[in-house]
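Asks: Questions regarding the structure given below will be posed in turn.
The values are calculated or read from the model by the stated rules, or taken from the named source; none is laboratory data. Being a predicted model, the structure only gives us computed values, none of them experimental. Cβ: placed from backbone, ideal geometry, glycine included. Neighbour counts: every protein chain shown.
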Amino acid sequence: MQNKKANKRKLRLGKYPYTYARTSVMKSLLFKEGEYQKMLKMSFSEIAKFLQESSYKKEISEFATNHSGADLLELALNKSLSAAFKKLMRISPKELALVVKEYAKRKDIEDLKTLLRGKFTNAPEKEVFNSITSSGILSRHFQHELMKKESIEQILRDNAIVNFSFLEKGLLYLKERNSLAMIENSLDRHYYNGLAEFSGLLPQAGALFQKFLIMEVEIFDILALLRLKKSKIDKTNEFIITAHSMISPKISKMAEAADLDALMGNLEKTKYNGSGAITRGIADFKATGSLIALETELYKYLLKESTLLLHQHPLSVDVILGFMLAKDLELRNLRMLIKGKQLGLSEEFIAKQLVY
């Protein structure tokens, strides 16, 4: 019997000028640094009005009849992301659409984690459902049905994304430690390992994406290790997302660090500290006890690298995947702005959290 991988052939991705041109138009609608600077100086209501006059106008108008305030904006942002991703799937030729769908599955994983957290904390169903983007391959109806399941175990058994056997260890960890950490980590590992395998089917045109994917997973591993070391959780190797056969020596070294200080010392010696951003993030952590600044610097590095996808290969799959990441980060920024203004946080503090 032949190996299953041996039966998988390289995708034959060609030149798709129509799809790439449409993607470039969508990319041109993303907010620029100057627009974020304007929003930083606005009140919550002014930001809402600004968004209503932007590319989010259609989505805000759609939900304005039955919703208002932060709920309205959250629904509109999620609908915009979903519409953008599904449009890419629709305007892409068959094999290119496969790539888009494979990448978009990350949103299914994120939505599933949102459902699990909602069930874990007994959050109101409306609040949980409003936070779901439905921008992956699963339908909003299916996710609504999942949300109504009686327990976390039932959600995991019926999730339709990851085989339950892959999640059983995490469920046991939940029962023993009252923590979703291992379940969420297993979901991430399943997604990224699957995407890494899929990226191996891409032709040379997808080489930059493969390089970017490896870096993205590495950054997510670093973020996970930072949080775990801060929480003084042992056996951090168990939470590394990267397939164990692909773990880089520097990630292994960080996982083996005795404590958070040692981990940060290792991180400071990596390429991510090229401009001293990591050093500044560490200083902020020591002053505030928060990892937010350090995490933001890593996200900024990731965004900087993603722009290469938009410029180095303008007529390849990389431009589409680069847009998808940039759109996702735009929603992260807008949520930070909206939440920050609601909480009355300072303009300076909010600005430090934005990634553009």
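Asks: Quick one: how many residues across segment 254-275 are charged (D, E, K, R), at pLDDT below 85 and closer than 24 Å to GLU305 by Cα?
Replies: Within segment 254-275, residues that are charged (D, E, K, R), at pLDDT below 85 and closer than 24 Å to GLU305 by Cα number 1.
Asks: How many residues are among the small types (Gly, Ala, Ser), closer than 14 Å to GLN353 by Cα and either touching a residue at least 24 places away in the same chain (Cβ under 8 Å) or assigned to a helix (DSSP H, G or I) (or both) if we restrict to segment 256-294?
Replies: Within segment 256-294, residues that are among the small types (Gly, Ala, Ser), closer than 14 Å to GLN353 by Cα and either touching a residue at least 24 places away in the same chain (Cβ under 8 Å) or assigned to a helix (DSSP H, G or I) (or both) number 3.
Asks: Output the residues belonging to segment 92-106 that are free of Cβ contacts under 8 Å to residues at least 60 places away in the same chain and within 22 Å of ALA326 (Cβ to Cβ).
Replies: Listed by number, the residues that qualify are ALA97, LYS101.
Asks: Within segment 116-226, considering only helices (runs of 4 or more DSSP H) that don't extend past its boundaries, which have at least 1 residues that are closer than 21 Å to ARG332 by Cβ, touching a Ser or Thr at 6+ places or on another chain (Cβ under 8 Å) and of a type outside the set (Phe, Trp, Tyr)?
Replies: 125-130, 140-147
Asks: Here's a follow-up. Among the residues of segment 1-33, write down those that are under 28 Å from ARG335 (Cβ atoms) and either part of a loop (DSSP other than H, G, I, E, B) or modelled with pLDDT of 95 or more (or both).
Replies: Result: LEU29, LEU30, PHE31, LYS32.
Asks: Within segment 105-137, how many residues are closer than 19 Å to PHE85 by Cα and among the acidic types (Asp, Glu)?
Replies: 3
Asks: Could you tell me whether segment 67-81 includes any residue that is surrounded by fewer than 18 Cβ atoms within 10 Å (Cβ to Cβ), of a type in the set (D, E, K, R) and over 22 Å from the mean Cα position of the chain (by Cα)?
Replies: no
Asks: Which residues, counting only those in segment 255-270, are exposed (fewer than 14 other Cβ atoms within 10 Å of the Cβ) and within 18 Å of PHE239 (Cα to Cα)?
Replies: Passing the criteria: GLU256, ALA258, ASP259.
Asks: Assess whether LEU309 counts as being among the aliphatic types (A, V, I, L, M), surrounded by 19 or more Cβ atoms within 10 Å (Cβ to Cβ), assigned to a helix (DSSP H, G or I) and at pLDDT 80 or above.
Replies: Judged against the criteria, LEU309 is not a match.
Asks: Only one of ARG157, ARG177 is in contact with a helix residue (DSSP H, G or I) (Cβ under 6 Å, 6 or more places away or on another chain), of a type in the set (Lys, Arg) and not assigned by TED's automatic domain parsing to the domain that holds VAL319; which?
Replies: None of the other options fit; the residue is ARG157.
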